[in-house]
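**Q** I'd like to ask some things about the structure below.
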Amino acid sequence: MNLRQTITMALGLALVTLAAIVPTLHAQQSIEAQSESPIPVIAGYFSFQSTFRSGTQTLSPEFDPTLLVPIGRKLLIESEFDMSSDLTHSNGQWGSAVVDHGVEYLQLNYIAHPNLTLTFGRFLTPFGIYRERLHPLWIRNLAGEPIIFAINDNSSNGAMARGTARLTSGMNITYATYFSASTKNNQLSADRRAGTRASLFFPNKGLEVGVSFSRVLSDSRYNMLGADLTWNLRKLPLDFRAEVIQTTLLGRGYWAEAAYRLDKLGRNRFFRSSQLALRSEQYRVPKINQTLIDELPDRNTSRATLGWTYSLYNGVRFNTSYGRNFARGDNHNIWTVGLTYRFAAF
Amino acid sequence: MKNWFTFLLVCLFLTPAFAGANSGKATVDPDDAYKNNCMRCHSAVRQYSPRMTAAIAMHMRVRANMTAEEMEAILQYLTDNAPANNTSVAAYGVSKRPRK
């Protein structure tokens, strides 16, 4: 069975599943009717980050507004627009100021069933955990992205079926399967690709283990395999996240991150609002040098980063970090300091 | 390898269909739902008006792969823990219940 047949079969199964569950929709008691009806919301964040590394300073202002437009209780249109710039100061001169902007996602979600949501439009590619869950700066433990994030820093244009189901009282299964068409537009660029992510989530243990697969079908065809782990410990204020990616064309790597909230150390405001994070990561180049993604290092690279975030009132958060890059002929320090402001209104 | 992949896809799509019959019967504790889902990524959830919260919950239901019951339980939790003077726009406040 070739890939096309597999995708056709997957989509067919999705339709069969949908057909099987639609008749039950009207029979269900709508527990959702008990809550307030949703209204449109504008949310997002401003961020200003400064990064210092051997002889180079980079200032990175960013503005990401997000719009949520619910239509009843089953339909939601949501969009995030990204506008950012990297102003680089190197060798005593400032580089050009170019504002990058694009649509991160512009999607229509139809909640077809308690266990199934259909998504159409442009959406964050559900591969691993970083792109979908941690790409907003205000939610990250460390402002800098992992090296391997560049492998999957993209959105898809097409359709997606996703959802979750409770298998037992202590275990959920989640899934997301999608197909994306190739788009060359600057604001809405996307590769032709198909993929899926599935995970087992153990709510009472705070543990989720996921696997991802993606097949890129553009001019360069290659597979991506990924695995991820999220563990929120119950007895300690400690969160652990890790992700590993293996690709045939872009190399492979992993990152593992631990975040420790200091609120157990004392009741004063400083401890309650502080968090320390430590990340370790490695990237290994492919056997044949890749030229598809400029952000990926051209040599095997390891990096360790230690950061501190402090949450102020009114959605303002301060962050700083120190990292050390280890690569042959490219050992250097990376300092980051920044502020993020999160807002929401209607 | 491809047969395994196909088999996994079949399981993936059929599991929710069968699980759906049971999911409506389960009850989810609001406190547990909040801690087990929101606090995986958010150190504290800001408080907004109930209708804004309902819209944000729809967004997070899709993004975080939550069940309908979990979303309703979280809405219940946020309603129960909302500031008393919560107005139509924005009553901001850090969640009163710290992560344990």
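The values are calculated or read from the model by the stated rules, or taken from the named source; none is laboratory data. This structure is a prediction, so every number in the text was calculated from the model and none was measured. Counting neighbours? That spans all protein chains shown, and the Cβs are built from the backbone with ideal geometry, glycine included. Just so you know, the surface numbers come from the protein's heavy atoms only, side chains and all, with ligands and any DNA or RNA stripped out. Shrake-Rupley method; radii C 1.70, N 1.55, O 1.52, S 1.80 Å.
**Q** Please list A:Asp153, A:Asp191 in order of solvent-accessible area, largest first, computed with a 1.4 Å probe with all protein chains present.
**A** Working: A:Asp153 80, A:Asp191 60 Å².
Listed by decreasing accessible area, they come as A:Asp153, A:Asp191.
**Q** Between A and B, buried accessible area summed over both sides at probe 1.4 Å, in Å² to the nearest 100?
**A** On the way: alone 19110 and 7600 Å², together 21100 Å².
Buried: approximately 5600 Å² between B and A.
**Q** Now, a different point. What distance in nm lies between label points placed 7 Å from Cα along the C-beta direction at A:Leu278 and B:Asp31?
**A** So the two model labels end up 3.3 nm from each other.
**Q** OK, next. Please give, to one decimal in nm, the separation of the simple spin-label points placed at A:Asn333 and B:Asn81, each 7 Å out from Cα toward the Cβ.
**A** Output for this residue pair reads 4.0 nm.
**Q** Run the numbers on segment A:98-142: which residues show a drop of 30 Å² or more in accessible area, chain on its own versus all protein chains together, using a 1.4 Å probe over heavy atoms?
**A** Buried by the other chains: A:Ile111, A:Pro114, A:Asn115, A:Glu132, A:Arg133, A:Ile139.
**Q** To the nearest Å, what is the center-to-center distance of segment A:93-165 and segment A:324-346, using C-alpha atoms only?
**A** Cα centroid to Cα centroid, the span is 19 Å.
**Q** Treat every Asp and Glu Cβ in segment A:264-346 as -1 and every Lys and Arg Cβ as +1, leave all other atoms uncharged, and give the resulting dipole magnitude about the Cα centre to the nearest 20 debye. Could you put the intermediate results ahead of the total?
**A** Working: 13 positive and 5 negative charges, 107 e Å.
It works out to roughly 520 debye.
**Q** To continue, here is another question. Given the alpha-carbon gyration tensor of chain A, what are the semi-axes of its equivalent ellipsoid in whole angstrom, ordered largest first, with each equal to the square root of 5 times an eigenvalue? Provide the component values of the computation, followed by the final result.
**A** Values: eigenvalues 224, 137, 90 Å².
Rounded to whole Å, the semi-axes are 33, 26, 21.
**Q** Could you sort the residues of segment A:298-346 by number and keep only those whose accessible area is reduced by 50 Å² or more in the all-protein-chain setting relative to the chain alone, 1.4 Å probe?
**A** Residues losing area: A:Ala344, A:Phe346.
**Q** To continue, here is another question. Past 27 Å, Cα to Cα, is the threshold; run A:Lys74/A:Lys235; A:Lys264/B:Lys35; A:Lys74/A:Lys184 against it and keep the listed order. List each step's numbers first, then the result.
**A** Details: A:Lys74/A:Lys235 37 Å; A:Lys264/B:Lys35 17 Å; A:Lys74/A:Lys184 31 Å.
Where the Cα-Cα span goes over 27 Å, the pairs concerned are A:Lys74/A:Lys235; A:Lys74/A:Lys184.
**Q** Another question about this same structure. What number comes out for the charge environment of A:Thr119, summing +1 per Lys or Arg and -1 per Asp or Glu over other residues with Cβ under 11 Å away? Don't jump to the answer; show the numbers that get you there.
**A** Values: positive: A:Arg122, A:Arg162, B:Arg63; negative: A:Glu78.
Residues close to A:Thr119 contribute a combined charge of +2.
**Q** How far apart, in nm, are two points set 7 Å out from the Cα along the Cα-to-Cβ line at A:Asn185 and at A:Asn223?
**A** 3.3 nm
**Q** Next up: Using a 1.4 angstrom probe and counting only protein chains, how large is the accessible area of A:Trp94 in Å², to 10?
**A** Roll a 1.4 Å probe over it and A:Trp94 shows about 140 Å².
**Q** Please get the size of the charge dipole for segment A:40-101, origin at its Cα centre, with Cβ charges of +1 on Lys and Arg and -1 on Asp and Glu, quoted in debye to the nearest 20.
**A** Working: 3 positive and 7 negative charges, 32 e Å.
Using only the charged Cβ atoms, the result is roughly 160 debye.
**Q** Given that compact globular proteins tend to follow 2.2 N^0.38 Å, what is the ratio of the alpha-carbon Rg of segment A:239-325 to that value? Walk me through the numbers on the way to the answer.
**A** Details: Rg = 17.1 Å, N = 87, 2.2 N^0.38 = 12.0 Å.
In units of the 2.2 N^0.38 Å rule of thumb, it is 1.42.
**Q** Over segment A:62-151, with every protein chain in place, what whole percent of the accessible area is carbon and sulfur at 1.4 Å, could you tell me?
**A** On the way: 2030 of 3290 Å².
On segment A:62-151, the fraction of accessible area on carbon and sulfur atoms equals 62 percent.
**Q** Would you list the P(r) distribution for segment A:27-137, with all Cα-Cα distances sorted into 5 Å bins from 0 and each bin expressed as a whole %?
**A** 2, 9, 15, 17, 15, 12, 9, 6, 5, 4, 2, 1, 1, 0
**Q** Please find the FRET efficiency linking A:Asn300 to A:Thr320, where r is the Cβ-Cβ separation and R0 is fixed at 35 Å, and quote it to the nearest 0.05. Intermediate values should be presented prior to the final figure.
**A** Working: r = 28 Å, r/R0 = 0.79.
The value I calculate is 0.80.
**Q** Using a 10 Å cut-off on Cβ to Cβ distances, tally the other chain neighbours for every residue of A:162-175 and report the average as a whole number. Intermediate results must be reported in sequence, preceding the final value.
**A** Working: counts 4, 9, 10, 10, 12, 6, 3, 3, 0, 0, 7, 6, 6, 7.
For peptide A:162-175, the averaged partner shielding equals 6.
**Q** Sticking with this one: So how strong a dipole does chain A carry about its Cα centre when Lys and Arg Cβ are +1 and Asp and Glu Cβ are -1, to the nearest 20 debye?
**A** My answer is approximately 980 debye.
**Q** Continuing with this model, one more query. Provide the per residue accessible area, probe 1.4 Å, for chain A, rounded to a whole number of square angstrom. All intermediate terms of the calculation are to be shown ahead of the outcome.
**A** Details: 16420 Å² over 346 residues.
Per residue, chain A has 47 Å² of solvent-accessible surface.
**Q** Something else: What figure in square angstrom, to the nearest 10, would you give for the accessible area of A:Ile77 with a 1.4 Å probe?
**A** 60 Å²
**Q** For segment A:100-203, just the Cα set please: Rg and Dmax, both in angstrom.
**A** Cα only, segment A:100-203: 14.7, 46 Å (Rg, Dmax).
**Q** If you take the charge dipole of segment A:266-326 about its Cα centre, with +1 on Lys and Arg Cβ and -1 on Asp and Glu Cβ, which of A:Ser302, A:Phe270, A:Gln290 is farthest toward its positive end?
**A** A:Phe270
**Q** Then there is this: So for A:Ile71, A:Ile245, what's the accessible-area order with a 1.4 Å probe, most first?
**A** Descending accessible area places them as A:Ile71, A:Ile245.
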